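Trainee: For reference, the structure I am asking about is given below.
The values are calculated or read from the model by the stated rules, or taken from the named source; none is laboratory data. Model, not experiment: these values are computed from the prediction. All Cβ positions, even for glycine, are placed from backbone atoms using ideal geometry, and neighbour counts span all protein chains on display. Each accessible area value is taken on the protein alone, full model and side chains, heavy atoms only, with ligands, DNA and RNA left out. Shrake-Rupley method; radii C 1.70, N 1.55, O 1.52, S 1.80 Å.
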Number of protein chains: 2
Amino acid sequence: MYAPPMSGSGTDSTRPLATEPGPVIILVEPQLAENIGTAARAMLNCALTELRVVRPRDLFPNPRAYSASSGADIVIDRARQFRTVPEAIADLHRVYATTARPRHMIKPLVTPRQAAAEMRAQIAAGERVGVLFGPERAGLENDDLPLADTLIGVPLNPGFSSLNLAQAVLIIGYEWYQAADTTPPRELVMNDTRPATKEELLNFFAHLERECDESGFLRNAEKRPSMVRNIRNIFQRAALTHQEIQTLHGIVKDLANKRVHGKHRRD
Amino acid sequence: MYAPPMSGSGTDSTRPLATEPGPVIILVEPQLAENIGTAARAMLNCALTELRVVRPRDLFPNPRAYSASSGADIVIDRARQFRTVPEAIADLHRVYATTARPRHMIKPLVTPRQAAAEMRAQIAAGERVGVLFGPERAGLENDDLPLADTLIGVPLNPGFSSLNLAQAVLIIGYEWYQAADTTPPRELVMNDTRPATKEELLNFFAHLERECDESGFLRNAEKRPSMVRNIRNIFQRAALTHQEIQTLHGIVKDLANKRVHGKHRRD
């Protein structure tokens, strides 16, 4: 489920559009159609497709929402509109609400990462789950929060923690997606090449060291063993491919030839 | 370092603006001043303040960048402009580049979460680290990628993986911030209240069960023990506070009174 371009055109029709069940994203009284569109884009980035909109200020669906979604039309096409939060959550079993830390409420509060892990388990158990997002400026109202089982707070810079709507949706969706993603944390992209065998690498070491002996670079007999070890570690660290070993052989050979010819010229 | 509002006004001057050293964010040939502003906002959300801009298309700094940053002026004020990527990275020790999976390059590739963990260790060791982001449409050029030690790819919906510039910056910054954040994954926000003691809870159980015995709700002697256990588990699960126990005592008392008076009326 690796998915790369961080910029560039939105849809790659050669790759599958993920459509597994996920949490419903519920935007409560969004102010701008554009923000519904950018939220839809963030949803589809994270393979979320079920959008609900409660009392949008702008007429919905809206051409500006489609335009701002950069191709996430499928999310807006399928979006459902509701007049109240209770109607929008009626068929769900679990509801999370994104919010500031509540000052006058006794309520469970989770991080987005924890919410993602919980939602994965709930949805795998056949439950239907939704996440409420409040209006751009004010956030969710105090009367909406008791309708949620659990609040989600995003740990961010305490002095500058406000996210726009699409970015809040992206953080929740991103954690949802990562919670089931199996991309290796670190890998060496090899494409169609293969790593060099150790024999190929050792042959290159022998070639390089022979030429360095001849050029005089390794003439200090006392230091030679540690210098050889250090040089070998440089190339060992590069995790070379078969083809790259050939390239390095060519570089060493040409540099050595040049030195020989240079000497000839200087003679 | 908990930071809640996910919408609402940007800056909370009563809370500290985090300023610890972090990776330098380097925007290469950004097309729109607005995108520099929204990237600056995402940076400050994540306590990142060092921005570099290489060959921006729009004049920089720019009023539209300030406006789009929603108050992250400090990031734009301090931003530095460069003519080339080599100049922009010259003083750094480690460079990451956000990109699609490269098709013709043999290169280490990490997830944002892995990159964040590595950058935390590098910066703690006194190294200076930067992250390259390409232009909105095209991404980084092939000649820029070999200037980076390591590529970062965001695992997202393979069929719809393109993020806008600010959202790519947000994902990297978010993971950077989470990597050192100590917010408990799940907590019950208690504000100024305290959990009920078990004695308070047991007193409430006794009150409730006494009234349920009197009302006849628990009259089935065979089922009574399991009914009592189930009812106790409902209230146990709610993790009640001292004050909430008082409220529940009041509710039970008033309901029981109403029943008595009701009976009187019906008599």
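Trainee: Restricting region A:63-104 to residues that are polar (S, T, N, Q) and farther than 22 Å from residue A:171 by Cα, which is most open to solvent (accessible area, probe 1.4 Å)?
Mentor: A:81
Trainee: Can you name the number of the only condition in (1) over 24 Å from the mean Cα position of the chain (by Cα); (2) assigned to a helix (DSSP H, G or I) that residue A:123 fails?
Mentor: Only one criterion in (1) over 24 Å from the mean Cα position of the chain (by Cα); (2) assigned to a helix (DSSP H, G or I) is unmet by residue A:123, namely (1).
Trainee: Here's a follow-up. Restricting to region A:136-159, what's the tally of residues that are more than 7 Å from chain B (Cβ to nearest Cβ) and not small (Gly, Ala, Ser)?
Mentor: 12
Trainee: Follow-up question, since we're still on this one. Going by the structure shown, is residue B:116 closer than 24 Å to residue A:160 by Cα, hydrophobic (A, V, I, L, M, F, W, C), crowded, with 20+ Cβ neighbours inside 10 Å and more than 10 Å from every other protein chain (Cβ to nearest Cβ)?
Mentor: When the stated conditions are applied, residue B:116 passes them.
Trainee: For residue B:111, which of the numbered conditions (1) in contact (Cβ under 8 Å) with a residue 40 or more places away in the chain; (2) among the polar types (S, T, N, Q); (3) more than 7 Å from every other protein chain (Cβ to nearest Cβ) fails to hold?
Mentor: Answer for residue B:111: the failing condition is (3).
Trainee: Another question, then. Residue by residue through region A:126-173, note down the ones that are in a strand (DSSP E or B) and among the aliphatic types (A, V, I, L, M). Walk me through how you get there before you give the answer.
Mentor: Here is the first cut: in region A:126-173, the ones in a strand (DSSP E or B) are A:129-133, A:150-152.
If the condition is that a residue be in a strand (DSSP E or B) and among the aliphatic types (A, V, I, L, M), then A:129, A:131, A:132, A:151, A:152 are the ones that fit.
Trainee: Further question on the same structure: If residue B:58 satisfies every condition in (1) part of a loop (DSSP other than H, G, I, E, B); (2) closer than 18 Å to residue B:136 by Cα; (3) of a type outside the set (Lys, Arg); (4) within 14 Å of chain A (Cβ to nearest Cβ) but one, which is the exception?
Mentor: With respect to (1) part of a loop (DSSP other than H, G, I, E, B); (2) closer than 18 Å to residue B:136 by Cα; (3) of a type outside the set (Lys, Arg); (4) within 14 Å of chain A (Cβ to nearest Cβ), residue B:58 is out only on (4).
Trainee: Would region A:230-243 turn up any residue that is surrounded by 13 or more Cβ atoms within 10 Å (Cβ to Cβ), hydroxyl-bearing (Ser, Thr, Tyr) and in contact with a helix residue (DSSP H, G or I) (Cβ under 7 Å, 6 or more places away or on another chain)?
Mentor: For region A:230-243, residues surrounded by 13 or more Cβ atoms within 10 Å (Cβ to Cβ), hydroxyl-bearing (Ser, Thr, Tyr) and in contact with a helix residue (DSSP H, G or I) (Cβ under 7 Å, 6 or more places away or on another chain): absent.
Trainee: Looking only at region B:136-154, decide whether some residue is crowded, with 21+ Cβ neighbours inside 10 Å and within 16 Å of residue A:171 (Cβ to Cβ).
Mentor: Yes, there is a match, as at least one residue in region B:136-154 is crowded, with 21+ Cβ neighbours inside 10 Å and within 16 Å of residue A:171 (Cβ to Cβ).
Trainee: Kindly indicate whether residue A:111 is polar (S, T, N, Q), within 27 Å of residue A:146 (Cβ to Cβ), open to solvent by 10 Å² or more (accessible area, probe 1.4 Å) and touching a Leu at 6+ places or on another chain (Cβ under 7 Å).
Mentor: The answer is no for residue A:111.
Trainee: Here is a follow-up. Here are some conditions: (1) within 14 Å of chain A (Cβ to nearest Cβ); (2) small (Gly, Ala, Ser); (3) more than 30 Å from residue A:175 (Cα to Cα). Residue B:221 meets all but one. Which one does it not meet?
Mentor: Checking residue B:221 against (1) within 14 Å of chain A (Cβ to nearest Cβ); (2) small (Gly, Ala, Ser); (3) more than 30 Å from residue A:175 (Cα to Cα), the one that fails is (1).
Trainee: Turning to a different aspect of this structure: Name the residue, out of B:233, B:257, that is among the polar types (S, T, N, Q), assigned to a helix (DSSP H, G or I) and under 27 Å from residue A:149 (Cβ atoms).
Mentor: Testing whether each residue is among the polar types (S, T, N, Q), assigned to a helix (DSSP H, G or I) and under 27 Å from residue A:149 (Cβ atoms) leaves just B:233.
Trainee: Taking region A:184-220, which residues are among the hydroxyl-bearing types (Ser, Thr, Tyr) and either more than 15 Å from residue A:246 (Cβ to Cβ) or loosely packed, with under 12 Cβ neighbours inside 10 Å (or both)?
Mentor: A:197, A:215
Trainee: If you don't mind, another one. Can you name the condition, by its number, that residue B:162 falls short on among (1) within 11 Å of chain A (Cβ to nearest Cβ); (2) surrounded by fewer than 22 Cβ atoms within 10 Å (Cβ to Cβ); (3) free of Cβ contacts under 8 Å to residues at least 60 places away in the same chain; (4) among the polar types (S, T, N, Q)?
Mentor: For residue B:162, the exception is condition (2).
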